[in-house]
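Note sheet for the following structure.
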Ligand SMILES: [Zn+2]
Ligand SMILES: [Zn+2]
């Protein structure tokens, strides 16, 4: 029934024609997005607003003079429609499938025709089609925000329900058209309004939409997390569990959804998880239930308030224990094996008993801190005495150890600073929360203003934060915030890398690499002094020999190598992206993903943010070189960074899309 236009090249200009964001002065700072370059990065849920999917410009190649009025409406042949209506066609007259012309115009986003038909007396809330829907329902299903706005201007009622019992907001959520849902709520639709079955939009999102987006969005709009439907008395969490929707259940639990709530049959969400036989949901619900039960105990309250520090101490202890077991003065591998197994069992047990999702997210960063800590301790206790000894030895005798060349020239301060810098950089506040606008007051008016100006586009509006995104910003679901010029969410930092801290991150990687190289050098020096190894014996013999010589140093060396591996790969990738592409990791990934749509000869380097290797580096690191360079100073946290306009050089390069 839902006829969609083929991409055969028919059509008419789409609804955004003539509308732009110029001159928009809402509650926001009044900057406009009208000059957004065509170069835009594809993001979540963007496909529906992909310009290539919009109806194409009507070409005069095909003669429309013989079309009937339904076809002319579908293809947006305004003149032909007008001709037929003026010849006496009644615009209220439904076709044999009980569909009116207004329905056809709405589903195909023909705004001019909608205005024309309504001026000729069409009924705006006419029910029609198999689903007994209004034109507004059809427009919402298709995600045509401008049509929705037009129809509502003419008095269309979004609270009417269709044949399936869904009102406008339910349809917007079911079809994941979040800008329309935001607009409908801004226009006064209740977020907790129920459909014919008594289900709220949140229940529908939890039950029918896989992925975090609609659930997250509705919770941000204060949807009731413990509302129950009229029939089965299921809460949104019941719905998510029944549908096996892990993402949704996770978000609902985070928002405090009750795990004890019973439905009409006396079943809790956990009972339902057992019924649908989903081990993941059972584990998740069990964990939350136990966590909440224990959260009142004094011990856990203490653990929660100091979890980052405790996790750090825990990682340091575990790392020491692992090394200490390997370093045991015993020949028995059986003993070491048993001790290692005990250690693993203890880690496993403490993780199961105490670790919440927040603690788990801290694991990589605390491992890194613990590694740097033990590298420092190793340097102080193992390498420093050797260096000092050599130093004193040099002073007292003329003999130098040629094979230890160089190391004695480096003062301990040098190592101290190279240890402290990565530790400091890693622990500096990676504030990403500040990037959110989050003005609560006037939010609704603002959304209406933005929507009516055609600016409620997922590329420039974040439905999770309910604000216009700064240029090049992405929403991070881990930080639950829009991050200006987001690069990626780093596990090692446990935060987002964006405009505010990107250069610090690169500096951090550089110092970490330096530190690791320095540690490796010291390890080699230590071995060459303390361990007698015959290179001719082969690699394996050499490794066993080194390990027997000093298990702790070998252990630290392996940890160093592991950190160096990820740090050097990440640094190389970062420098390539910054210098040669001028792109962030997120932008590069989305461009690579969407490269199929681009011309075959297209290169990632042809983007408006790439200004050449030298300029990219100067801008990124804000290098002034005593006034020789003039880096471009932009505040990416602003909606449109100051000093950036359409005529700016940055947008003068090739347009890749
Ligand atoms: Zn956001
Ligand atoms: Zn993040």
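Considering the stretch 614-627 alone, what residues qualify as being within 8 Å of residue 579 (Cα to Cα) and within 28 Å of the chain's Cα centre (by Cα)?
616, 617
What is the number of the single condition among (1) out of contact with any strand residue (DSSP E or B) (no Cβ under 7 Å at 6 or more places or on another chain); (2) at positive phi; (3) without any contact (Cβ under 8 Å) to a residue 60 or more places away in the chain that residue 98 does not meet?
So the condition that residue 98 fails would be (1).
Could you check, for the stretch 475-483, whether at least one of its residues is at pLDDT 75 or above and more than 12 Å from ligand 2 (Cβ to nearest atom)?
No, the stretch 475-483 has no match at all.
For the list (1) buried (at least 23 other Cβ atoms within 10 Å of the Cβ); (2) modelled with pLDDT of 75 or more; (3) more than 12 Å from ligand 2 (Cβ to nearest atom); (4) not assigned by TED's automatic domain parsing to the domain that holds residue 563, I need the number of the one condition that residue 512 fails.
All conditions pass for residue 512, except number (4).
Answer with yes or no whether residue 282 is in contact (Cβ under 8 Å) with a residue 40 or more places away in the chain and within 30 Å of the chain's Cα centre (by Cα).
Criteria not met by residue 282.
When the residues of the stretch 245-272 are narrowed to those that are closer than 20 Å to residue 352 by Cα and over 27 Å from the mean Cα position of the chain (by Cα), which ends up surrounded by the fewest Cβ atoms within 10 Å (Cβ to Cβ)?
270
Take the residues in the stretch 444-462 that are surrounded by fewer than 23 Cβ atoms within 10 Å (Cβ to Cβ) and assigned to a helix (DSSP H, G or I); name whichever of them is farthest from ligand 1 (Cβ to nearest atom).
452
Among (1) away from ligand 2 (no atom under 16 Å from the Cβ); (2) modelled with pLDDT of 70 or more; (3) in contact with a helix residue (DSSP H, G or I) (Cβ under 9 Å, 6 or more places away or on another chain), there is one condition residue 396 misses while meeting the rest; what is its number?
Result: residue 396 passes all but (3).
Across the stretch 463-482, which residue is farthest from ligand 1 (Cβ to nearest atom) among those that are in contact with a helix residue (DSSP H, G or I) (Cβ under 9 Å, 6 or more places away or on another chain) and closer than 16 Å to residue 361 by Cβ?
478
The values are calculated or read from the model by the stated rules, or taken from the named source; none is laboratory data. As the structure is a prediction and not an experimental result, all values here were calculated from the model. Neighbour counts are summed over all protein chains in view; Cβ atoms, including those assigned to glycine, are modelled from backbone coordinates with ideal geometry.
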